[in-house]
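Have a look at the structure below, then the notes.
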Amino acid sequence: MPDGSQVISKAFAAKQGGEPQFASTGEGFAIFQVTGITPAHAPSFAEYKDTIAKDYANERLPQLLAEKTKQLADKAHASGDLAKAAKEMGATVKTSDLVGDSGQVPDFGQVGSVAPELFALKVGDISGPINAQRTGVVAKLIDKQEPTADEIAKNLDQTREQALYQRREDAFNIFVAATEDRYKKAKLIQMNTKLAQKSPDLGGL
């Protein structure tokens, strides 16, 4: 694995203008020579201004994005025309395919996680501002497909089977626990507690 600790350690111990040296990088060797040494010092504003500007931009960006997204949502609701509002604000308009709760939309993410409220909209409705982490989104619902009666019945059958299986499993676990407790009280079984602690998933009567 890459490891630059030896290079750094030897570089700080080397003398300026000394002979070239080498050190392991974890994946090979690096040859280096110290040609200059800058004493430790507090950076001047000129040296640090780019870092300050970048930090400020990183802090302000989410706030600016939220403000612009809200402005877009307000404009779209006022005019009823999302495309027009987006054009006025220089925003990009994109159209996705039909997606379900677990569907993924590029530059947006999983719809059910990012904005589950979209599934409550009616066709033609415009959403409020949506924070999609790296982007701000305002959505308009242009199509919606409700599940058919067959799909609802199929999902209902699957849900019923899963619930029935879970109830059977719970009932069996209760039966096993009750039987084990009854046998313990009657001293018909003995448990190896050390073995049970080491292997809690294994047991026997």
- Task: Given the options 92, 69, 179, state which has the largest fluctuation in a GNM of the chain using a 10 Å cut-off (strictly under) for Cα springs.
- Result: 179
- Task: Report the charge-dipole magnitude of the chain in Debye, nearest 20, computed about the Cα centre from +1 at each Lys and Arg Cβ and -1 at each Asp and Glu Cβ.
- Result: 660 debye
- Just from its helices, what would the mean residue ellipticity at 222 nm be for the chain, if runs of 4 or more DSSP H residues each count -39500 (n - 2.57) and the sum is divided by every residue, rounded to the nearest 500 deg cm²/dmol? -16000 deg cm²/dmol
- Note on the structure: Of the listed pairs 49/75; 54/75; 75/122; 49/87; 87/122; 49/70, those with alpha carbons more than 25 Å apart are 49/75; 54/75; 49/87; 49/70
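Please sort by residue number the trypsin sites (Lys or Arg not before Pro) in segment 38-140 whose DSSP state is loop and whose Cβ has at most 16 other Cβ atoms within 10 Å.
Within segment 38-140, the qualifying trypsin sites (Lys or Arg not before Pro) (loop, at most 16 other Cβ atoms within 10 Å) are 94, 122, 134.
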- List the lysines whose alpha-carbon lies under 22 Å from that of residue 185, not counting same-chain residues fewer than 8 positions away? 194
- Task: For the chain, report the accessible area per residue in Å² (1.4 Å probe, heavy atoms, rounded to an integer).
- Result: 82 Å²
- Item | For the chain, built as a Gaussian network whose Cα springs stay under 10 Å, the top-fluctuating residue of 50, 157, 74 | 157
- Item | Percent accessible area from carbon and sulfur atoms, the chain, protein chains only, probe 1.4 Å | 56 percent
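Show me the three semi-axes of the equivalent ellipsoid for the chain, from the C-alpha gyration tensor (sqrt of 5 times each eigenvalue), largest first, rounded to whole Å.
Numbers: eigenvalues 577, 425, 48 Å².
Result for the chain: semi-axes of 54, 46, 15 Å.
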- How much of residue 64 can a 1.4 Å solvent probe reach, expressed as accessible area in Å² and rounded to 10? 70 Å²
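Based on the Cα atoms of segment 45-87, what semi-axes does the equivalent ellipsoid have, where each is the square root of 5 times one gyration tensor eigenvalue, given in whole Å with the largest first? Numbers along the way, then the final one.
On the way: eigenvalues 240, 15, 5 Å².
That gives 35, 9, 5 Å for the three semi-axes.
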- Note on the structure: Per 10 angstrom bin, beginning at 0 and ending with the bin that holds the maximum distance, the Cα pairs of segment 1-104 fall in percents of 11, 18, 18, 15, 13, 17, 7, 0
- Note on the structure: Candidate cut points under GluC sites (Glu not before Pro) in segment 1-104, DSSP loop plus at most 16 other Cβ atoms within 10 Å of their own Cβ, are 27
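The values are calculated or read from the model by the stated rules, or taken from the named source; none is laboratory data. Predicted model only: the values in this text are computed from it and were never measured. As a convention, Cβ positions derive from the backbone with ideal geometry for all residues, glycine included, and neighbour counts pool all protein chains shown. To get the accessible areas, we keep the full protein, side chains included, count just its heavy atoms, and leave off ligands, DNA and RNA. Shrake-Rupley method; radii C 1.70, N 1.55, O 1.52, S 1.80 Å.
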